[in-house]
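The values are calculated or read from the model by the stated rules, or taken from the named source; none is laboratory data. Remember, it's a predicted structure, so these values are computed and weren't measured experimentally. No Cβ is skipped: glycine too gets one built from the backbone with ideal geometry, and neighbour counts run over all protein chains shown.
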Amino acid sequence: MSDRQPQDPVIALEGLTVAFPRYGGEPVRVLKGIDLALAPGEVVGVVGESGSGKTMLARAIMRLVPRPGRIEAGRISFDGRDMGQLDGEALRRLRGRDIAMIIANPRSELDPLETVGQQIGNVLRHHLTLDKPAIRARSLELLRQVSIPDPERRINAYPHELSGGMAQRVVMAIALACQPRFIISDDATSGLDVTVQAQVLELMRKLVVERGTSLLFITRDIGITAHFCDRVAVLFAGEIVEIGPRHAFFADPKHPYAILLLAAYAQNERLRRYWLGDTTAGAAEGPATTGCPFARRCVRAQDRCRTEHPRLEEMAPGHFARCHFPVER
Ligand code: SF4
């Protein structure tokens, strides 16, 4: 019998570091020492601008770092098991059955030559032992769960016959097929119109509440995290620079970069474009190589910031920030 407790993390990252080799130089580390654990039924939002490492984080957890990148250090545990010790077949079983990922471009996930029913059925056949009638019944049930209208007809549709919002729901149905215990949503709601986005978010929430699924919700839309996530983590230059419970984070953000993101989102179009990755809006400078990676862009930077790399420190219970001079209210 397992001695694991109900609140043991479903997924835990310890010191996760991903590096890409660079000819004649030090490898480029795109994720640096990420520590993060999700409890069952917890939703953690990850926000950060383009290039901060959000998608790499998703790929690293799935152990799908594109070559020649590699996980240079750290450990990823699922249900207490070190994923680094699993062979290819065990990893494939885990992905799709226990861990699923939903990405922003659903059409790239769907095979244009297979119907919706065939694609859901493939997953069910691969991971669960179900006969043909059971696969069809389960597929229809999944399509209903993700609010696909007229599922008996859509089950025979090809991806090109679906709208973007419907294709995203089919991808969700495939992701949910085996009732995974952990889902990564990598910007999955961007590009959807507001109504469909709200429906997709509602579906995810339902899954979390009803099945205790844990969700890593990666997004550039900090506004969504304000009412959707239990905790919010801010990623900058491959590091978590702030993480805390949602209320604490929004009521009392500590890191100057987090404050910039919030200000940008809330009120200023120029800052908002900057936050969304439009470098013509003044964000062109890269991170500093020593000291605090945010020093070149930080209005609070002092000499110490340029020479000493800040550590992630607890500012309030469960609320951590990586800053020598955190913002005090
Ligand atoms: S450590 Fe210094 S440069 Fe970095 S965010 Fe804090 S105040 Fe700004």
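The table below gives the values:
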read-out: Filtered residues of the stretch 204-240 (kept if within 16 Å of the ligand (Cβ to nearest atom) and under 11 Å from residue 319 (Cα atoms)); value: 233
read-out: Residue 113 being surrounded by fewer than 19 Cβ atoms within 10 Å (Cβ to Cβ) and touching a Leu at 6+ places or on another chain (Cβ under 6 Å); value: no
read-out: Among residues of the stretch 139-170, those that are part of a helix (DSSP H, G or I), in contact (Cβ under 8 Å) with a residue 40 or more places away in the chain and under 15 Å from residue 119 (Cβ atoms), counted; value: 5
read-out: Residues of the stretch 73-101 classified as modelled with pLDDT of 95 or more, more than 17 Å from the chain's Cα centre (by Cα) and crowded, with 17+ Cβ neighbours inside 10 Å, total; value: 1
read-out: All positions within the stretch 76-112 that are small (Gly, Ala, Ser) and out of contact with any Cys (no Cβ under 9 Å at 6 or more places or on another chain); value: 77, 80, 84, 88, 90, 104, 108
read-out: Hits in the stretch 53-103 (condition: without any contact (Cβ under 8 Å) to a residue 60 or more places away in the chain, of a type outside the set (A, V, I, L, M) and part of a helix (DSSP H, G or I)); value: 59, 84, 85, 88, 89, 92, 93, 95
read-out: Enumeration of residues in the stretch 109-137 that are out of contact with any helix residue (DSSP H, G or I) (no Cβ under 6 Å at 6 or more places or on another chain) and either of a type in the set (Phe, Trp, Tyr) or more than 16 Å from residue 157 (Cα to Cα) (or both); value: 125, 126, 128, 129, 131, 132, 133, 134, 137
read-out: Count of residues meeting criterion [closer than 19 Å to residue 109 by Cα and either more than 27 Å from the chain's Cα centre (by Cα) or outside the structural domain of residue 104 (by TED's automatic domain parsing) (or both)] in the stretch 126-159; value: 5
read-out: The stretch 256-269 residues that are closer than 13 Å to residue 327 by Cα, paired with ones that are of a type in the set (D, E, K, R) and modelled with pLDDT of 85 or more (beta carbon under 7 Å, 6 or more apart); value: 256/300; 258/242
read-out: Residues within the stretch 294-312 that are within 11 Å of the ligand (Cβ to nearest atom), within 18 Å of residue 240 (Cβ to Cβ) and surrounded by 13 or more Cβ atoms within 10 Å (Cβ to Cβ), tallied; value: 7
read-out: Tally of residues being closer than 26 Å to residue 208 by Cα and at pLDDT 90 or above across the stretch 103-119; value: 4
read-out: Residues of the stretch 241-252 satisfying the condition of being of a type in the set (A, V, I, L, M, F, W, C) and within 16 Å of the ligand (Cβ to nearest atom); value: 241, 243, 249
read-out: Residue match in the stretch 214-221 (condition: within 11 Å of residue 45 (Cα to Cα) and modelled with pLDDT under 90); value: yes
read-out: Residue that is in contact with a strand residue (DSSP E or B) (Cβ under 8 Å, 6 or more places away or on another chain) and surrounded by fewer than 21 Cβ atoms within 10 Å (Cβ to Cβ), where the choices are 258, 248, 233; value: 248
